[in-house]
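Step one of this worksheet: look at the structure below.
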Amino acid sequence: MSNDLKVQLKAVATAAADGTVAFPRFKQEQLVKLYNVLSNQRATLEEALLADVGLTKSEAEIELVETLSLVKRLVEESDFKLQTEKAEKQLREKGKFYRGKGVVVVRAENAAPIWSTIAPLATAISTGNAVVCLLPESTPTVSSALQTALAASLNRFAYVFTSAVSLSEILKSGNLPSTSTLVVSGPSPQTLEYPLLLNQAGSSGPTILIDRLLPSSPPHLLAHYARLIARASFHAQGRLPGSVHRVIVHQESVEQVLAALQAEIRSTFGDDAEKPSNGWARSGSVRKEKQDLKHLLSSVNEMGQGKILIGGAVKREVDSLSPTVITEPSLELLRKDVRGPVLLVQTFASHEDAFYLLDQIDSSVLHVFSGETAALEYIATESTAVTVYGNNIPMSALYDPHGALIKASSYVTDCNFHLTTLSNRLPTSQLARLSLAALPKSLAYNRTKFSNSILRVFFLQGVFLSLGTVATALLAGLGFGGWLAVGWIKGRYFV
């Protein structure tokens with residue numbers, strides 16, 4: 001690590017400690033500068049994404065739109081008067097105030113280098129933190145453009161941008177305050193020294209669950225499901241933190257879902273996956289995940305761990321894999337966190353079967369599709385997922401599956417304020433005696449009384465016996481009366 005970087009890290013720690021980064025007008029000014037520099041550099045950043053990450057033009061535009069929209073919202077929320085009134089209200093009514101954690105270290109990832117850098121950076125700025133951004137080395141064009149633009153625009157004593165050192169080197173340097181927080185996209189670092197905010201949906205990644213389709217479901221519903229699934233699985237080559245590579249479908253609806261999914265993939269990619277028809281997706285590059293994907297396909301083809309329904313061919317001349325759908329995957333395959341344009345489809349027979357299957361998978365994010373609100377609520381509450389989306393896969397969930405990276409509470413410390421009126425305070429001994437006198441001598445546990453067991457058991461029998469007795473008496477009376485009437489008529493007219 002260079003001496004210049006060590007000096008910068010010390011300056012960042014000082015800015016966090018002396019309160020510079022927590023001043024409301026400073027935060028607002030830095031957020032405005034951040035938005036302006038990103039907006040002015042849109043064309044450069046878009047070209048860098050195309051060159052380094054291999055995204056299509058539409059995919060690059062989506063990442064920039066998601067990023068700029070977030071910064072714009074934070075700028076609007078950072079209004080000085082609004083923030084001051086909000087802080088005063090929280091302090092007086094709830095006895096709470098919030099303080100930034102100090103220094104936030106952000107490690108971006110190569111699949112979404114702009115969003116994974118700017119989203120936590122902007123949120124950390126808005127909550128009064130100094131920031132150290134470690135830009136990915138594997139996307140040199142994007143990292144260089146971001147470092148040049150951000151270092152020239154933002155306060156150089158409060159924010160540092162570099163791609164020259166790794167996270168482990170930063171941690172070993174000893175220049176970070178003990179209250180620092182790590183925001184990591186990608187594999188978790190082997191450290192327990194600092195609080196860690198990990199942008200990950202479990203070791204297996206997110207899962208989609210499609211409940212049994214209702215007979216009354218509209219025809220366009222399946223097409224809508226298929227469109228969302230294709231976007232979640234193949235957008236940005238299926239390499240985002242929230243990309244979904246696993247769908248479990250009710251066995252009575254799986255054929256309909258697969259047919260709709262095949263139609264959507266043909267419509268999106270056409271006959272040649274390298275030339276998409278709508279411009280937002282293409283076959284995923286496997287430069288970084290090439291060996292893992294080849295091993296996955298060989299386990300399917302040679303070891304029978306699934307059946308390839310669509311795709312599965314690696315084009316060597318472009319080093320890419322076309323969108324691939326695998327049905328009947330083995331449990332071993334289903335547990336894997338795939339990085340690439342691969343979708344695994346498994347079936348379940350009942351909700352209990354689905355819960356058992358989910359328990360075998362480390363998936364903390366669940367997207368549930370069902371035509372019944374009660375079923376959605378039941379699955380959400382009974383599953384072990386931390387975050388559940390109902391009937392939707394928002395684009396933001398692909399970049400931040402839990403929404404934790406853009407949540408202000410992830411970057412602040414809750415502080416409590418207790419105010420006591422001295423004029424009304426009693427001496428300690430007198431206060432203790434009054435408090436003891438006010439306490440009850442004993443407490444009773446009042447259980448809810450059940451109904452009488454005899455009545456509970458024999459009530460219905462008693463009702464039926466009573467009704468039967470009344471009915472028998474009525475029928476007997478009618479029968480006897482009828483017999484007397486017949487005798488009278490016989491004696492009166494026939495004798």
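The values are calculated or read from the model by the stated rules, or taken from the named source; none is laboratory data. Predicted, not measured: the structure shown is a model, and the values here were computed from it. Cβ sites come from the backbone with ideal geometry, for glycine too, and all protein chains shown count toward neighbours.
Sort out which residues of region 342-384 are closer than 28 Å to Val300 by Cβ, in contact with a His (Cβ under 9 Å, 6 or more places away or on another chain) and of a type in the set (Ser, Thr, Tyr), and write them in order of number.
Correct list: Thr347, Ser350, Ser364.
Could you tell me whether Val75 is crowded, with 24+ Cβ neighbours inside 10 Å and under 27 Å from Ala13 (Cβ atoms)?
Working: crowded, with 24+ Cβ neighbours inside 10 Å: no; under 27 Å from Ala13 (Cβ atoms): yes.
Answer is no for this residue.
Looking only at region 47-74, count every residue that is among the hydroxyl-bearing types (Ser, Thr, Tyr), over 19 Å from Ala408 (Cβ atoms) and either at pLDDT 90 or above or part of a helix (DSSP H, G or I) (or both) and tell me the total. Spell out the reasoning first.
The initial filter retains those residues of region 47-74 that are among the hydroxyl-bearing types (Ser, Thr, Tyr), namely 56, 58, 67, 69.
From what's left, over 19 Å from Ala408 (Cβ atoms): 56, 58.
Right, trim to either at pLDDT 90 or above or part of a helix (DSSP H, G or I) (or both) and you get 58.
Total meeting the criteria: 1.
Here's the yes/no breakdown for (1) among the basic types (Lys, Arg); (2) assigned by TED's automatic domain parsing to the domain that holds Ala11; (3) touching a Lys or Arg at 6+ places or on another chain (Cβ under 8 Å):
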residue	(1), (2), (3)
Ser69	no, yes, no
Ser78	no, yes, yes
Leu82	no, yes, no
Lys86	yes, yes, no
Lys89	yes, yes, no
Arg99	yes, yes, no
Ala108	no, yes, no
Ala122	no, yes, no
Thr139	no, yes, no
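For the condition in contact with a Pro (Cβ under 8 Å, 6 or more places away or on another chain) and not acidic (Asp, Glu), what is the one hit in Thr56, Thr148? Talk me through it step by step, then tell me what you get.
Details: Thr148 fails: in contact with a Pro (Cβ under 8 Å, 6 or more places away or on another chain).
Every option except Thr56 fails the conditions.
Just a yes or no: is a residue in region 249-262 within 30 Å of Glu109 (Cβ to Cβ) and out of contact with any Phe, Trp or Tyr (no Cβ under 9 Å at 6 or more places or on another chain)?
No, the conditions are met nowhere in region 249-262.
Is one or more of the residues making up region 144-156 farther than 30 Å from Gln237 by Cβ, more than 29 Å from the chain's Cα centre (by Cα) and in a helix (DSSP H, G or I)? Can you show your working first?
Going residue by residue through region 144-156, those that are farther than 30 Å from Gln237 by Cβ are 152-156.
Next, from what is left, pick out any that are more than 29 Å from the chain's Cα centre (by Cα): 152-156.
Next, from what is left, pick out any that are in a helix (DSSP H, G or I): 152-153.
Within region 144-156, one or more residues are farther than 30 Å from Gln237 by Cβ, more than 29 Å from the chain's Cα centre (by Cα) and in a helix (DSSP H, G or I).
Yes or no: region 253-266 includes at least one residue that is within 28 Å of Gly403 (Cβ to Cβ), modelled with pLDDT of 85 or more, touching a strand residue (DSSP E or B) at 6+ places or on another chain (Cβ under 9 Å) and of a type in the set (A, V, I, L, M). Reasoning before the result, please.
First, the residues of region 253-266 that are within 28 Å of Gly403 (Cβ to Cβ): 257, 261, 264.
Keeping just the survivors that are modelled with pLDDT of 85 or more gives 257, 261, 264.
Adding the requirement that they be touching a strand residue (DSSP E or B) at 6+ places or on another chain (Cβ under 9 Å) leaves 257, 261.
Checking which are of a type in the set (A, V, I, L, M) leaves us with 257, 261.
For region 253-266, residues within 28 Å of Gly403 (Cβ to Cβ), modelled with pLDDT of 85 or more, touching a strand residue (DSSP E or B) at 6+ places or on another chain (Cβ under 9 Å) and of a type in the set (A, V, I, L, M): present.
Residues of region 128-144 being surrounded by 24 or more Cβ atoms within 10 Å (Cβ to Cβ) and closer than 30 Å to Thr84 by Cβ, which ones?
The answer is Asn129, Ala130, Val131, Val132, Cys133.
Could you check region 160-182 and list, in sequence order, the residues that are closer than 18 Å to Leu146 by Cα, crowded, with 18+ Cβ neighbours inside 10 Å and out of contact with any Asp or Glu (no Cβ under 9 Å at 6 or more places or on another chain)?
The answer is Val160, Phe161, Thr162.
Any residue in region 1-27 that is closer than 13 Å to Val132 by Cβ sitting within a Cβ distance under 8 Å of a residue that is surrounded by fewer than 18 Cβ atoms within 10 Å (Cβ to Cβ) and among the hydroxyl-bearing types (Ser, Thr, Tyr)? List the pairs, counting only those 6 or more apart or interchain.
Close Cβ pairs satisfying both conditions: Met1/Ser173; Lys6/Ser173; Leu9/Ser173.
Looking only at residues that are in a helix (DSSP H, G or I) and modelled with pLDDT of 85 or more in region 75-89, which one is nearest to Asn36 (Cα to Cα)? Quick ask: steps written out before the conclusion?
Restricting attention to region 75-89, the residues satisfying the condition of being in a helix (DSSP H, G or I) are 75-77, 80-89.
Then keep just the ones that are modelled with pLDDT of 85 or more; that gives 75-77.
Working: Val75: 11, Glu76: 14, Glu77: 16 Å.
Ranking the candidates gives Val75 first.
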